[in-house]
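The values are calculated or read from the model by the stated rules, or taken from the named source; none is laboratory data. Being a predicted model, the structure only gives us computed values, none of them experimental. Cβ: placed from backbone, ideal geometry, glycine included. Neighbour counts: every protein chain shown. Each accessible area value is taken on the protein alone, full model and side chains, heavy atoms only, with ligands, DNA and RNA left out. Shrake-Rupley method; radii C 1.70, N 1.55, O 1.52, S 1.80 Å.
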Amino acid sequence: MYRRLGCLALALAGCGGATGDTEATTGPGDGACDLAITPPAMTTARLQIGPDGALFDEHGRRVILRGINTGGRSKWAPFLPFPIDPEAGVDEVRAAADVFYGRLVDWGLDTVRMPLSWEALEPTEGAYDGRYLDRYEAMVDAAWAHGLRVIVDFHQDVYASPYCGDGFPLWTLEDPDPGPARHDCPQWFLGYVNNTGVRAAFDHLWADDTGVQTQLFAMWAEVAGRLAEHPGVVGFELINEPGWGTAADVGAWKRDVLAPFYAALAAELRALAPDALILYDNPGIDALGVAAIEHARPQGEGFVYAPHLYDSGLINGLPWTGADPTPVLEDMVSFARGEGLPLLLGEFGVAQGAAGGEAWMTLIMAAIDASGTSATLWEYSQNEEPWNAEDLSVVDASGEPRAGLDRYVRPWLRAVAGDDASFAWDPALGRFEASWTAGDGVTEVVLPPRRFTGGLEALSVTGDGACHSLDLAAGRLWIRASAGADVQLSFTAAP
């Protein structure tokens with residue numbers, strides 16, 4: 001329902017290309033306004049990077065991405081984030097994926113960071129598993145059918161499954177008998193510092209003295225060859241949380257080894273997918289925020305900086321350490337802006353039930369909103385058993401939402417036709433406020449249907465020529481105003 005404010009006149013209308021009831025409103029003194037705003041169609045997930053590091057969609061609007069990782073369950077066979085018969089065909093995977101990714105629409109999310117397993121894709125050296133790639137592409141298809149942009153994320157943790165990790169094929173290991181695959185190791189991350197096999201494997205990767213880096217490039221060429229033209233793919237993330245091997249100075253290693261590796265691999269991918277974003281990450285030790293992060297920028301264009309940020313207690317189900325994530329995020333934002341890079345916080349989150357988790361999420365989400373940072377929460381998968389005792393999924397094994405989901409789900413400015421945008425959401429009051437200087441085009445605000453089952457109250461849109469259309473079923477509010485107008489928006493979620 002709506003409360004009329006001042007001279008705002010309300011009129012019911014259907015909105016082209018949308019579902020559900022739509023309202024259009026004309027602001028005071030604005031004169032005639034279309035009864036409905038037809039939102040611009042999204043024909044591609046691709047985005048362009050502006051000089052200031054902002055992301056722009058095909059309609060020239062500044063875009064912020066809000067999404068989720070489909071994570072834990074994707075790390076071991078059958079390498080899918082939802083339960084399914086390991087021998088299920090592509091059609092069955094596509095149908096299950098349609099349900100799985102369809103839930104994100106209700107949560108108001110628009111991006112999926114989708115782990116890709118090299119272990120699954122090339123279980124035998126030189127022999128790619130076409131069925132795995134078919135299944136992966138079916139998930140991309142399903143996500144895009146729901147309007148979700150996909151980040152193809154080569155995911156690894158402590159190199160490979162025999163080391164309590166995931167990602168790299170076993171044939172890349174120096175030890176011909178490394179032991180069985182494991183995902184029952186709560187202290188798995190210590191492998192980066194105390195497992196000689198893990199450290200040696202990364203040394204070989206960076207030196208390419210066994211050819212594994214060359215084979216990694218070939219793997220990426222295989223993936224990009226399949227997905228480079230897919231309209232739902234927004235970008236490729238080169239490697240998740242890379243290990244530094246035996247390097248004594250991690251900062252120097254990032255500058256002298258990791259950054260050149262990123263630049264070289266990115267150049268290969270751009271030749272195959274010139275308009276896709278290339279995302280790069282830091283080693284996992286940086287994600288804990290316990291020491292100042294030494295940032296590094298690879299040479300080249302089209303990069304998105306995609307670091308991670310966790311509390312070392314909360315990620316393990318322990319109480320919050322008390323560390324405020326805000327200064328760490330602000331430092332990431334400052335670096336990215338100084339380098340003209342978009343920033344996407346690729347991973348963050350808390351274990352279910354961890355003491356202080358709600359307070360930590362309140363802080364980091366306020367900072368993410370205030371800085372206009374794109375973000376993908378860790379994680380969303382249906383885990384009948386957790387990966388290495390991690391318990392960060394926002395749903396249970398049946399797919400039902402858990403308490404942590406609503407710490408993340410909120411309204412946000414998805415695409416702004418204009419400049420100088422800012423917004424804030426007060427979860428306690430259910431109050432949203434935003435402002436921007438309008439340009440030509442339609443600004444889009446996401447209203448997650450999960451959050452707005454009762455509709456809106458006290459909706460106010462002001463600014464020269466400002467009018468809006470609302471589709472609660474689709475979870476969207478569209479606003480148009482005269483170019484140069486200072487637009488102010490506010491509303492409250494109805495009980």
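The table below lists the values:
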{"quantity": "Residues (crowded, with 23+ Cβ neighbours inside 10 Å, under 19 Å from LYS75 (Cβ atoms) and of a type in the set (A, V, I, L, M)) located in the stretch 103-135", "calculated": "VAL112, MET114, LEU116, ALA120"}
{"quantity": "Test: residue in the stretch 61-71 that is more than 30 Å from GLY463 (Cβ to Cβ), modelled with pLDDT under 95 and not aliphatic (A, V, I, L, M)", "calculated": "yes"}
{"quantity": "Count - residues of the stretch 429-438 that are outside any strand (DSSP E or B) and buried (at least 18 other Cβ atoms within 10 Å of the Cβ)", "calculated": "1"}
{"quantity": "Qualifying residue in the stretch 308-319 (condition: assigned to a strand (DSSP E or B) and not acidic (Asp, Glu))", "calculated": "yes"}
{"quantity": "Condition check for GLY317: in contact with a Gly (Cβ under 6 Å, 6 or more places away or on another chain), at positive phi and touching a residue at least 24 places away in the same chain (Cβ under 8 Å)", "calculated": "no"}
{"quantity": "Of the criteria (1) over 30 Å from ALA366 (Cβ atoms); (2) at pLDDT 90 or above; (3) of a type in the set (Asp, Glu); (4) open to solvent by 70 Å² or more (accessible area, probe 1.4 Å), which one ASP52 fails", "calculated": "(1)"}
{"quantity": "Qualifying position, being in contact (Cβ under 8 Å) with a residue 40 or more places away in the chain, over 22 Å from ARG113 (Cα atoms) and either crowded, with 19+ Cβ neighbours inside 10 Å or of a type in the set (S, T, N, Q) (or both), among ALA354, ALA306", "calculated": "ALA354"}
{"quantity": "Filter pass, GLU347 being under 18 Å from SER371 (Cα atoms), open to solvent by 40 Å² or more (accessible area, probe 1.4 Å), under 20 Å from the mean Cα position of the chain (by Cα) and not basic (Lys, Arg)", "calculated": "no"}
{"quantity": "Filtered residues of the stretch 136-156 (kept if open to solvent by less than 10 Å² (accessible area, probe 1.4 Å) and either in contact with a Ser or Thr (Cβ under 8 Å, 6 or more places away or on another chain) or over 23 Å from PRO283 (Cα atoms) (or both))", "calculated": "TYR136, ALA138, MET139, VAL140, ALA142, ALA143, LEU148, ARG149, VAL150, ILE151, HIS155"}
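Conditions tested, residue by residue: (1) in a loop (DSSP other than H, G, I, E, B); (2) modelled with pLDDT of 95 or more; (3) open to solvent by less than 10 Å² (accessible area, probe 1.4 Å); (4) at positive phi.
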residue: ASP331; (1), (2), (3), (4): no, yes, no, no
residue: LEU341; (1), (2), (3), (4): yes, yes, yes, no
residue: LEU363; (1), (2), (3), (4): no, yes, no, no
residue: ALA366; (1), (2), (3), (4): no, yes, no, no
residue: TYR380; (1), (2), (3), (4): yes, yes, yes, no
residue: SER393; (1), (2), (3), (4): yes, yes, yes, no
residue: LEU413; (1), (2), (3), (4): no, yes, yes, no
residue: ASP420; (1), (2), (3), (4): no, yes, no, yes
